[in-house]
Amino acid sequence: MGLIRGRYIGEALKQFQDTFGDTFQIWLGGLLHQICVCNPDDVQHVFTHRHIYEQGDLHVTQHRIVFEDALICNIGPKYKRHAAIILPLFRRGKILNNYDLIVDCTDKLLDQWRSKTDSDPNYIHLDIVDQCQNLSLAIFGFIAFDYDLQTLEESNINKKNKLTQALNDFVEIFFQAITIPNSISKFYLKHNSRYQRARITIEECLNQIMEQEQRKTQEQIVEQKRTSLIASLVTSLQQDEKNEAKKPEQEKKGLSRTEVINELLLFLVAGAETTGYVIAWFIYFMSKYPRVQAKIKAELSDNKHNRMTIEQIESLIYLDCVLREVFRFLPPAAGTTRTLTVDDRLPGSGIQLHKGDEIFISFYNLTRDKRCWKIDPTLFYPERFQGEDKDHYPYASIPFGGGHRQCIGQDLARFQLKVIIVRLMQHVTFGDGGPELNAGGYIQKMTTIPKHVGVSIIFD
């Protein structure tokens, strides 16, 4: 991995593919290795043969250090128990109930931008990435806990409340721990006082919220306009955790308090963080491609400032193409892993794999593979999804993964992003802050973060 350090991992893996072919090995720290699979037919084979390719061992081991009992870390009967409770929380009906709160949070961010623009029309915003994260975290607080984390309050920009600070510390330290060997990261987290304080604070707050939910009467529950994730999970809490713990996994029912907390923290890392960075990338791309920005606004011309209905938002064809192109051009995650449960031969490359081998599928490589795209894949061109690439290779753009272990929150993420983008495009135009301030570039963590974003914001 020394050749990757300091570079955007997607570009590095694409260079390896160009040099070594569709299948090559990556060594991690000289001890662990993964087989990188890039052939589109091989990728499709992996995702459509779930009985052969299970969730990657390294991926599971890394996440278990922090989210010991969360869905992403489980396989077999334990995965099925968690999935039966978690998956229904992301059905369409529950997702759409979050519409108003997403708009309200976005309007708060717009108010902040308006105050800066009013005082200085030429103001260049250099904190877009942080502000998009604040927006995403605010929305997460309401969806997950029905709790105001106050990340969008002017008076709290530099003074975060206890839970907000703990969540920020947790995410920051988690990303540090995930990049080092597991044996070291366990020691690092155990002896990191800031992480331990953050974890204790989060667990105390979430336990209080769960107790409040449990005390609600049936009438209070019925009167709620929407149900937070934690409120939904409370109904699945085990009545007798000690007794459930003694049972074989196949006989267990419900979730323990620790399992509920781990699911919510995983949602924070996998959902809130990613959404914020995608919005930041969207703003950057709009500042660089004014033609695309103008076409979005033209599609919104009949609803310039009014709060649109969900049906109107879902009918925006070009906006959907732009969001798909943002995901394609820079996938939020580098890729996904799978571990073989039996020997298998890849059909495209003919490579023989063996039980226990761990493979890595790079999302970026697929998005740049000319075998999958008719229009130059190196171009940022949303219209591709209305033209020659409308029926592109099915696994050419899979920002949320593929197969039975793909991201369970992808429908919520797409809906949230579309609502935010519509609200932004109804009110503002993003301008390029110049080659130095708006230089782009990458910061590579678990997700790909824009390094230099500097834009002007003009209210229409």
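If you wrap the stretch 352-460 in the convex hull of its Cα atoms and look at it from every side, the mean projected area works out to 10.2 nm².
Note on HIS49 and ASN122: with the Förster distance fixed at 41 Å, the Cβ-Cβ geometry gives a FRET efficiency of about 0.15. Between the stretch 341-401 and the stretch 82-142, what is the separation of their alpha carbon centroids in Å? So the separation of the two Cα centres works out to 31 Å. Computed with the Debye formula from one identical point scatterer per Cα of the stretch 411-460, without solvent, the log10 of I(q)/I(0) at q = 0.14, 0.26 Å⁻¹ comes to -0.51, -0.95. Selection among HIS427, ASN192, PHE267 by position relative to the dipole of the chain gives ASN192 as farthest towards the positive end (Cβ unit charges, Cα centre). Oblate is the label for the stretch 201-244, because the ratio a/c of its alpha-carbon gyration tensor axes (a ≥ b ≥ c) is 1.5 or higher and a/b is not greater than b/c.
In this label model, LYS216 and ILE178 are separated by 3.0 nm, measuring between points 7 Å along each Cα→Cβ vector.
With 0.36 nm allotted per residue and the present C-alpha distance subtracted, the ASN207-ARG257 stretch has 17.2 nm of extension available.
If amide H atoms are built 1.01 Å from N in the plane of the peptide, which residues on other chains or at least 5 residues away come under 5 Å of the amide H of GLY348? It is ASP42, by chain and number. Restriction of the trypsin sites (Lys or Arg not before Pro) in the stretch 180-229 to DSSP coil positions whose beta-carbon has at most 15 other beta-carbons within 10 angstrom yields LYS216, LYS225, ARG226. Computed on the Cα atoms alone, the convex hull of the stretch 1-148 gives a volume of 208 cubic angstrom per residue.
Here ARG307 and LYS355 are evaluated by their C-beta separation; at R0 = 45 Å the FRET efficiency comes out at 0.25.
In a DSSP loop and with at most 13 other Cβ atoms within 10 Å, the trypsin sites (Lys or Arg not before Pro) in the stretch 99-163 are LYS159. Based on Cα atoms of the stretch 6-65, Rg over Rh with Rh as the Kirkwood radius reads 1.00. With the Cα gyration tensor of the stretch 354-412 giving a ≥ b ≥ c as the square roots of its eigenvalues, does the rule (a/c under 1.5 for rounded; else a/b larger than b/c for prolate; else oblate) give rounded, prolate or oblate? It is oblate, given that a/c is not under 1.5 and a/b is not larger than b/c.
Taking other C-beta atoms within 10 angstrom as a stand-in for reagent exposure, HIS49, HIS191 fall in the order HIS191, HIS49, fewest first. With a cut-off of 14 Å between beta carbons, the residues surrounding GLY440 carry a summed charge of -1, where Lys and Arg count +1 and Asp and Glu -1.
3J(HN,Hα) along the stretch 11-17, derived from phi through the Karplus expression 6.51 cos²θ - 1.76 cosθ + 1.60 where θ = phi - 60°, amounts to 5, 5, 5, 5, 5, 4, 4 Hz, with x in place of Gly and Pro. Remark: the stretch 296-312, residue by residue, has Karplus-estimated 3J(HN,Hα) of 4, 5, 5, 5, 8, 4, 7, 9, 5, 10, 6, 6, 6, 7, 4, 4, 5 Hz, where x stands for each Gly or Pro and the curve is 6.51 cos²θ - 1.76 cosθ + 1.60 at θ = phi - 60°. One decimal place: the segment HIS33-PHE187 gains 53.2 nm when fully extended, by the rule 0.36 nm per residue minus the C-alpha distance.
For LYS304, the aspartates and glutamates whose Cα comes closer than 18 Å to its Cα, not counting residues fewer than 8 places off in the same chain, are ASP100, ASP104, ASP107, ASP111, GLU314, ASP320, ASP460.
Each of the peptides 438-446, 135-143 was scored by the mean count of other Cβ atoms within 10 Å over its residues; in descending order, highest first, they stand as 135-143, 438-446. Per-residue Karplus couplings for the stretch 237-254, computed as 6.51 cos²θ - 1.76 cosθ + 1.60 with θ equal to phi - 60°, are listed in order as 4, 5, 6, 9, 4, 4, 5, 5, 5, 7, 6, x, 4, 4, 9, 6, 10, x Hz, Gly and Pro entered as x. Under 5 Å from the amide H of VAL428 lie the amide H atoms of ASP460, each residue being 5 or more positions distant or on a separate chain, with H modelled from the backbone and absent for Pro and chain starts.
Straightening the chain between GLN406 and LYS162 buys 84.5 nm, computed as 0.36 nm per residue apart minus the Cα-Cα spacing.
As a length-normalised measure over Cα pairs under 8 Å and 6 or more apart, the relative contact order of the chain settles at 26 percent. Taken about its Cα centre, the stretch 9-459 carries a charge dipole of about 400 debye when Lys and Arg each add +1 at the Cβ and Asp and Glu each add -1 at the Cβ.
Shape class of the stretch 9-459 from the alpha-carbon gyration tensor: oblate, with a/c at 1.5 or above and b/c at least as large as a/b. Once backbone amide H atoms are built at 1.01 Å from N, LEU255 has LEU237, GLN238 as its partners under 5 Å, excluding neighbours fewer than 5 places away on the same chain.
Read-outs throughout are calculated quantities, based only on the coordinates presented, and are distinct from any laboratory measurement. The shown structure was predicted, so the numbers you read here are calculated from the model rather than taken from an experiment. All Cβ positions, glycine included, derive from the backbone under ideal geometry; neighbour counts span all protein chains shown.
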